[in-house]
Amino acid sequence: MSQDHDPKTFESRHLPDQTGFRWDFSGGRLVITGSCPACRGAMSHPVPGIRPGSVAKGPLRRTAARDEVPDEVYMRCRCRLPHPGDQYEAGGCGAKWVAVRRPGGGS
């Protein structure tokens with residue numbers, strides 16, 4: 001459990017766009033990691049269908065690999081820490097946001 005985690009009551013809410021997440025391509029796929037901006041719980045968010053460096057086939061797919069990695073990804077808290085009021089036990093505090101990749105980097 002994160003020492004800084006705030007076990008706030010579960011509430012579905014949208015936050016402003018966020019930066020500061022780590023965009024990790026090392027495992028052959030994109031995984032975004034960091035702390036929830038609302039409750040500060042540690043989380044990991046695998047992004048399906050993104051395999052950096054893969055080559056897309058077809059006549060219209062001639063973009064560079066960097067173009068295949070999104071600059072923004074919709075996320076929700078997946079901290080797996082307890083939050084009172086999570087009646088569906090979905091995990092997380094209910095916060096949602098768009099993670100924005102910083103230009104020129106993986107994080």
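Would you check which residues across segment 11-32 are assigned to a strand (DSSP E or B) and under 17 Å from Asp71 (Cβ atoms) and list them?
Result: Gln18, Arg22, Trp23, Asp24, Val31, Ile32.
If you check Leu15, Leu60, which single one turns out to be aliphatic (A, V, I, L, M) and modelled with pLDDT of 85 or more?
Leu15
Taking segment 1-43 only, how many residues are within 13 Å of the chain's Cα centre (by Cα) and open to solvent by less than 50 Å² (accessible area, probe 1.4 Å)?
12
With the checklist (1) at pLDDT 90 or above; (2) touching a Lys or Arg at 6+ places or on another chain (Cβ under 8 Å); (3) part of a loop (DSSP other than H, G, I, E, B) in hand, flag the one item Lys8 doesn't pass.
(2)
The values are calculated or read from the model by the stated rules, or taken from the named source; none is laboratory data. Since the model is a prediction, treat every value here as computed from it, not as a measurement. No Cβ is skipped: glycine too gets one built from the backbone with ideal geometry, and neighbour counts run over all protein chains shown. Note: accessible area is taken over every heavy atom of the protein model, side chains too, but ligands, DNA and RNA are not part of it. Shrake-Rupley method; radii C 1.70, N 1.55, O 1.52, S 1.80 Å.
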